[in-house]
Amino acid sequence: MLKELLYFAWLKKEVPTDYVRKFLYRKDVVAYQQYLSLNQFNSIITSKKLVFPQISNLLDNKLSFYKLCETYKLPIPKVIAYNLRQQFFYKDTNSLRTKKQDLIDFFNNLFETSKRTTLFVKPLSGSGGFGCFLLEKNLLETQIETYGESLLNNCYLYQERIKQHADIDKINSKSINTLRLDTYIDTSNTPHVLSVLMRFGIGNSITDNTHTGGFYIAVSPSGTLQAPGRQDIIEGGGVFVTHPDTHFELNGFQVPFFHEACALAKRLTTYFPNRIIGWDIAITDKGPLVIEGNNNPSLHVTDVAYGGYLKNKHIQNILTEIKK
C-alpha cells in the first residue's frame with residue numbers, strides 16, 4: 001500500500017489525499033492510477049472553459065432555475081409557494097410574515113386552499129440536501145416551533161411532494177432516490193452523458209444525498225444498477241449489494257425511464273449550457289423530473305463508482321483541453 005501511495009503521489013504530482021478518501025487502498029481496486037486526483041478534479045470544476053458564472057448563478061438559485069424550467073416546459077416538481085425572508089409568495093399575492101403565528105396562518109391557508117397535506121421545503125441556495133425537510137399539515141405547529149425562525153430569516157421554496165416510480169419505491173420509500181447524470185458539451189457543441197449514478201437514502205432520511213448518509217451506485221449504459229453501492233468515507237464508507245433497510249437486491253435492477261432521463265439531461269444543457277453539469281433527476285410513474293443542476297458536480301463519487309473516471313474518453317479530452 002505504501003508503494004502505491006508513493007507512486008500515486010509521484011504520478012499526480014501532489015499530496016495523495018484522495019488515495020484514502022476514494023478507498024484506493026482496498027484490494028478490489030486494481031486501476032488506482034485511473035482515478036482523478038484532487039488537483040485534476042479542481043481543474044475541471046473551476047475551468048473558465050467549462051464553467052461560466054452567469055450560468056452557474058441560474059443553477060445555484062433554485063427559484064430562478066424553477067422559473068426558467070417552467071417557462072420552457074421542462075419537467076420539474078411544481079413550486080406551490082416561496083419566501084424571500086419575511087415576504088411570502090403564494091399564487092398571485094405576497095404577504096409580510098414576521099412571527100411564528102403568521103407562519104401557521106399562512107401554511108394553514110395554503111394547505112386548505114391547495115388541498116395538500118405535505119410540502120417539500122428546500123432552501124433557495126445550497127446543496128447536499130442540507131436544510132430540506134417535509135412540512136406536514138398535521139404537525140404544522142410543532143414544526144413551525146422548530147423551523148420558524150429559519151424560515152423567517154432565510155429564503156425557501158415550497159414544492160409539491162414527488163411520488164416516485166413504484167418500482168423505485170420498493171427499494172426505499174423514505175426518500176426520493178434520484179439519478180445523478182453528469183453531462184459534458186464538447187468543443188463541437190455536442191452534449192454527452194458522461195456517467196449516471198443512482199443515489200439512495202438510508203434510515204428515515206428524506207433525502208438521498210451522500211452528505212446525509214445516503215449511498216450511490218453506478219448505472220450501466222443500458223440503465224441497470226451495477227453493485228456495489230458505496231457511502232462516502234466520512235459517512236461510514238459502507239458497501240452495499242442490497243439496500244440496508246429493505247434488503248432489496250441492487251445489482252441488475254432496471255431503472256425505469258432511464259433513456260428518457262438521459263435525453264432530458266441532454267435537453268437541459270441547451271437551456272443551461274455550462275459545459276459540465278451534474279443533473280439530479282427523479283423518476284416518477286409518468287417519467288423523469290429534473291430536481292436541480294449542479295455546476296460543481298461531485299465527480300469524486302463517480303470516480304469511485306466507476307472504478308476511475310480517467311477511463312472515460314471525454315474526461316481525458318477535458319483534461320487535455322483545459323491544459324492548453
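The values are calculated or read from the model by the stated rules, or taken from the named source; none is laboratory data. This structure is a prediction, so every number in the text was calculated from the model and none was measured. Here Cβ is always computed from backbone atoms with ideal geometry, including for glycine, and neighbour counts include all displayed protein chains. The accessibility values were calculated without ligands, DNA or RNA, using every heavy atom of the protein model including side chains. Shrake-Rupley method; radii C 1.70, N 1.55, O 1.52, S 1.80 Å.
General remarks:
- Lone unmet requirement of (1) among the β-branched types (V, I, T); (2) surrounded by fewer than 16 Cβ atoms within 10 Å (Cβ to Cβ); (3) closer than 30 Å to L68 by Cα for V239: (3)
- Among the residues making up segment 101-148, those that are of a type in the set (K, R) and open to solvent by 50 Å² or more (accessible area, probe 1.4 Å) are K115, R116, K137.
Here is a yes/no grid of residues against (1) among the aliphatic types (A, V, I, L, M); (2) within 18 Å of the chain's Cα centre (by Cα):
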site	(1), (2)
P191	no, no
L197	yes, yes
F200	no, yes
T210	no, yes
G214	no, yes
A218	yes, yes
P221	no, no
P228	no, no
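- Cβ separations smaller than 9 Å between residues 6+ apart or across chains give the following pairs from segment 27-51 residues that are over 16 Å from T302 (Cα atoms) and in contact (Cβ under 8 Å) with a residue 24 or more places away in the chain to residues that are open to solvent by 60 Å² or more (accessible area, probe 1.4 Å) and polar (S, T, N, Q): V51/N296.
- Note on segment 274-324: residues that are closer than 27 Å to I162 by Cβ, among the polar types (S, T, N, Q) and either open to solvent by 10 Å² or more (accessible area, probe 1.4 Å) or over 14 Å from the mean Cα position of the chain (by Cα) (or both) total 6.
- When S64 is tested against the conditions (1) farther than 17 Å from N294 by Cα; (2) among the hydroxyl-bearing types (S, T, Y); (3) assigned to a helix (DSSP H, G or I), the lone failure is (1).
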